[in-house]
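The values are calculated or read from the model by the stated rules, or taken from the named source; none is laboratory data. Note that the structure is a prediction, hence the values are computed from the model and not measured. As a convention, Cβ positions derive from the backbone with ideal geometry for all residues, glycine included, and neighbour counts pool all protein chains shown.
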Amino acid sequence: MNQFERQNFSFSPEKWLYAFWQFSRPHTIIGTSLSVWSLYLITLGVTAAKFSFVEVLGAWIACLCGNIYIVGLNQLEDVEIDKINKPHLPIASGEFTREQGKLIVIITGILALVLAWLIGPFLLGMVGISLAIGTAYSLPPIRLKQYPFWAALCIFSVRGTIVNLGLFLHFNWLLERSPVIPLIVWALTAFILVFTVAIAIFKDIPDLEGDRLYNITTFTLQLGKQAVFNLALWIITVCYLGMILFTLLPNSATNSIFVITTHLGLLVLMWWQSRTVDLENKSEIAQFYQFIWKLFFIEYLLFPIACIWA
């Protein structure tokens, strides 16, 4: 029996799907899904339109495909680094071959663009710009992830600005053919934009060893773990305090009591959790990084509720 036959004989759909799920980077998939649904619900609240699953489904699939393209391309270019920093990822661990990874990236990239083109111009613009930035982030010779400022700019420009404004414009165009962006969407965009800065600088703390070995300059290498850790905490603090101040404005169109209570609670929880993080323990840093992503997810749940209860 040759090698090809042995691979097919041992093929397991369950294992492949699990590896594909890991290849898709679950925390980014969840974040993308929440952003799509949150912006759709906010648009429904602004326009008073009726819910339609079909309207949101196409945008959701296009965004998920774009997400997989971006994170998959990054893994294809970072195999050797991931063997040190993230050995559990499918290509680094050998669960996927480079050829399989390339095929997934090509298919999802094409699907994202084709679906967006068929659905609407604002969605196509948002997906196209996101994929272009994601490509420039990972792919030589540009490879912006080598430079800490440009790497952070790529991440928070896509997650913070392009996705939020692009999705609202898309849904608003579908429902009312209007390009107007209300204040509450700008507020959410500002929150996510600044919050993503914290994610962008924090993500390199557990990857210090591999980044140093392969000459990937990061803020962690330049400033040290503790300085970047503290900076990320204070950036997130500014996000929560800023949202609290926004909800006190007379035209904020949010439930101020709900926003103040939930955001102060999450702020206290974050600082409480940060007390016990050992920055010399890679596992603890990674766990706290996932906790920060959960705070990011929660905002996409809380903000539509605050708008609906206004």
Q | Every residue from the range 9-44 that is of a type in the set (S, T, N, Q) and not in a helix (DSSP H, G or I) | A | 10, 12, 24
Q) Do you know which of the residues in the range 161-184 that are more than 15 Å from residue 120 (Cα to Cα) and surrounded by fewer than 23 Cβ atoms within 10 Å (Cβ to Cβ) is modelled with the lowest pLDDT? A) 180
Q) What's the number of the condition residue 267 fails, among (1) at pLDDT below 90; (2) within 18 Å of residue 198 (Cβ to Cβ); (3) assigned to a helix (DSSP H, G or I)? A) (1)
Q: Filter the range 226-248 for residues that are touching a Leu at 6+ places or on another chain (Cβ under 8 Å) and not β-branched (Val, Ile, Thr) and give the result.
A: 226, 229, 231, 240, 241
(Q) Among the residues in the range 106-113, are any hydroxyl-bearing (Ser, Thr, Tyr), part of a helix (DSSP H, G or I), surrounded by fewer than 21 Cβ atoms within 10 Å (Cβ to Cβ) and within 17 Å of the chain's Cα centre (by Cα)? (A) no
Q.
Whether any residue in the range 249-264 is at pLDDT below 90, of a type outside the set (Gly, Ala, Ser), part of a helix (DSSP H, G or I) and more than 20 Å from residue 32 (Cα to Cα) is what I want to check.
A. no
Q: Please work out if residue 94 is of a type in the set (Gly, Ala, Ser), farther than 20 Å from residue 16 by Cα and out of contact with any strand residue (DSSP E or B) (no Cβ under 8 Å at 6 or more places or on another chain).
A: no
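Residue by residue, here is whether (1) loosely packed, with under 13 Cβ neighbours inside 10 Å; (2) touching an Asp or Glu at 6+ places or on another chain (Cβ under 7 Å); (3) over 30 Å from residue 224 (Cα atoms) holds:
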residue	(1), (2), (3)
256	no, no, yes
262	no, no, yes
267	no, no, no
270	no, no, no
276	yes, no, no
279	no, no, no
286	no, no, no
292	no, no, no
306	no, no, yes
Q. Is at least one residue of the range 45-52 assigned to a helix (DSSP H, G or I) and either under 23 Å from the mean Cα position of the chain (by Cα) or free of Cβ contacts under 8 Å to residues at least 12 places away in the same chain (or both)?
A. no
Q: Kindly provide the set of residues from the range 211-228 that are assigned to a helix (DSSP H, G or I) and either surrounded by fewer than 19 Cβ atoms within 10 Å (Cβ to Cβ) or modelled with pLDDT of 90 or more (or both), ordered by number.
A: 212, 213, 221, 222, 223, 225, 226, 227
Q | Test: residue in the range 67-81 that is farther than 20 Å from residue 131 by Cβ, under 20 Å from the mean Cα position of the chain (by Cα) and either crowded, with 20+ Cβ neighbours inside 10 Å or modelled with pLDDT under 95 (or both) | A | no
(Q) Going residue by residue through the range 86-95, is there one that turns out to be in contact with a Lys or Arg (Cβ under 8 Å, 6 or more places away or on another chain), of a type in the set (A, V, I, L, M, F, W, C) and farther than 29 Å from residue 122 by Cβ? (A) yes
Q: Check 156, 96, 149 and return the single one that is in a helix (DSSP H, G or I) and touching a residue at least 24 places away in the same chain (Cβ under 8 Å).
A: 156
Q: Could you check residue 286 against (1) more than 22 Å from residue 84 (Cα to Cα); (2) within 23 Å of the chain's Cα centre (by Cα) and say which number it fails?
A: (1)
Q) Does any residue in the range 14-26 that is under 14 Å from residue 76 (Cα atoms) come within less than 8 Å, Cβ to Cβ, of a residue that is of a type in the set (Gly, Ala, Ser) six or more places away or on a different chain, and which pairs are these? A) 23/72; 23/101; 24/72
Q: Could you tell me whether the range 289-310 includes any residue that is small (Gly, Ala, Ser), touching a Ser or Thr at 6+ places or on another chain (Cβ under 9 Å) and more than 16 Å from residue 205 (Cβ to Cβ)?
A: yes
Q) Can you name the condition, by its number, that residue 37 falls short on among (1) buried (at least 20 other Cβ atoms within 10 Å of the Cβ); (2) under 30 Å from residue 190 (Cα atoms)? A) (1)
